[in-house]
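The values are calculated or read from the model by the stated rules, or taken from the named source; none is laboratory data. No experiment lies behind these values; they were computed from the predicted model shown. Here Cβ is always computed from backbone atoms with ideal geometry, including for glycine, and neighbour counts include all displayed protein chains.
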Amino acid sequence: MIFKHKWEYVIAGLTRNPLNMTRLRVKPAMTRSITLLKWSMTRLMLICVLLTLFSINLFGVTPKWSVDHRRFSGSMIVTAVVFKGDNEIRSDEVEIGAFSGADCRGSAILQYVPAADRYIGFLTIHGEGNEAITFKVYNHVADVEEDAVNEPLTFVADAMFGGGGIPFVVALAPNLWTVTVTGGSGSDIYEDGTEVEITADDIEGYLFVDWTIETSGGVDVSIENPYIFKVTEDIDIVANFELIVYTITYELDGGVNHPDNPETYTVESPEIILQAPAREISIFYEWEEGATIPTGSIGDRIFTARWDIITYLIGVMANNSEYGIVSGDGVYKENSSATVVATATPTYRFMYWTIDDVVVSTNASYSFTVTEDVELVANFEPVLDFDTYVASKWRNNTFMLDLNRFFDDGYMVTQCRWYRNND
């Protein structure tokens, strides 16, 4: 800011370094000009002092700090705003204090200036010589006091800082907030207002559901992943997941599945050992893909049953191969029908079929349902030809048997009857 009065110029630096202020030598004849300038400076300082003194009455806030200006011979004016990080503070319950060491040299409560639409503090700072002036900020609502991070300002009597619509900035370190992410990435310490991006973990067998804030009692905040938000407080945020349910499909080729075989599973399911299905006329051989689903497995599964057909061996034979021939032996499916046939050779006749010497049929063609391996025997016997055993014949149709041959061929006489001719 440049103050001009006739031959005198006073240039007040608007930066934080008051040494930028330059004064031009004043001619002795211009004493009246100096007097006017000093009167103007004194008036401005008086206004700042009055604003500070009456702030309790105007705004209802009692200043935290005070200074006895009578102890000091000099003063300077600082018109200031307060920034916390990148955010300008807009509150009439915030106070700026100027200090030399621990000694307060002036304070002002921020006041709303409609023309600038800003909350501005008008400080009169008292001091001597080239003292280093530091700043503090006190929030009367939160009851929080913070040190400004500005470089110290060198005290220069009658100097002005922050005029011309460009106020001096009292800078506070931004608030730092801790973001703790459970089940995802993005945990860190962030400055207030920082946009934070967090990402849920990609966990096999689980599906991301939503984010909840534990510090707010588990309140759902988003279903987005990644999730972006501005951090304004310490936050514990949790990624919530649900189990993915996988399906199990069985290809049974006409069989019936075992009731203990499940239709679904998850990554947390205990090891699954599949049971054998059932099918008529078949024996289950194996599951083509294996019979287990280990714990921790993922993905839909298809299991294919492999079968062996149940078959039985039917054997046939004759009690004597010279007596007759047999047919119908072979491999048969379970519960199928088998037919065995016995055919006697000349001079022999079929008697019956036996299994383990037990007669099962007297029919030469025998049909039955196959339920097991069996060996059937066709039993034949010779047909008796008396002419073979007649030793001699007489004209009256009587004859004599050759009993020796009769007995040698395995026959025996069980009874004997006498008949008259023609009876």
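Structure notes:
- The residue that is nearest to Gly330 (Cα to Cα), among those in the range 268-290 that are in contact with a Leu (Cβ under 8 Å, 6 or more places away or on another chain), surrounded by 13 or more Cβ atoms within 10 Å (Cβ to Cβ) and modelled with pLDDT of 95 or more, is Pro277.
- Candidates in the range 245-258 are the residues that are assigned to a strand (DSSP E or B) and polar (S, T, N, Q); of these, the one that is nearest to Phe303 (Cα to Cα) is Thr249.
- Lone qualifier among Glu242, Glu204, Glu268 - being out of contact with any Ser or Thr (no Cβ under 6 Å at 6 or more places or on another chain), more than 30 Å from Val137 (Cβ to Cβ) and in a strand (DSSP E or B): Glu242
- Residue among Thr311, Thr347 that alone is over 25 Å from Arg279 (Cα atoms) and either surrounded by 14 or more Cβ atoms within 10 Å (Cβ to Cβ) or not assigned by TED's automatic domain parsing to the domain that holds Arg279 (or both): Thr347
- Scanning the range 277-323 for residues that are more than 33 Å from the chain's Cα centre (by Cα), more than 30 Å from Ser367 (Cα to Cα) and free of Cβ contacts under 8 Å to residues at least 24 places away in the same chain yields Tyr285, Glu286, Arg306.
- Taking each residue of the range 122-133 that is under 8 Å from Gly74 (Cα atoms) and looking for partners that are in a loop (DSSP other than H, G, I, E, B) with beta-carbon atoms closer than 7 Å, six or more apart or interchain, yields His126/Val67; His126/Phe72; Gly127/Phe72; Gly127/Phe155; Glu128/Phe72; Glu128/Ser73.
- Qualifying residue in the range 291-308 (condition: under 30 Å from Asp253 (Cα atoms), in contact with a strand residue (DSSP E or B) (Cβ under 7 Å, 6 or more places away or on another chain), surrounded by 13 or more Cβ atoms within 10 Å (Cβ to Cβ) and of a type outside the set (A, V, I, L, M, F, W, C)): yes
- Any chance Gly184 is small (Gly, Ala, Ser) and at pLDDT 95 or above: yes
- Counting only strands (runs of 3 or more DSSP E) that sit completely within the range 108-185, those holding 2 or more residues that are farther than 30 Å from Thr199 by Cβ correspond to 111-113, 118-127, 132-139, 144-147, 168-172.
- Some residue of the range 247-254 being surrounded by 15 or more Cβ atoms within 10 Å (Cβ to Cβ) and of a type in the set (Gly, Ala, Ser): no
- Scanning the range 82-98 for residues that are under 13 Å from Tyr138 (Cα atoms) and either in a strand (DSSP E or B) or not charged (D, E, K, R) (or both) gives Val82, Phe83, Lys84, Ile89, Ser91, Val94, Glu95, Ile96, Gly97, Ala98.
- With a requirement of 1 or more residues that are of a type in the set (A, V, I, L, M, F, W, C), under 26 Å from Val383 (Cα atoms) and modelled with pLDDT of 95 or more, the strands (runs of 3 or more DSSP E) lying completely within the range 296-350 that satisfy it span 311-318, 324-327, 337-344.
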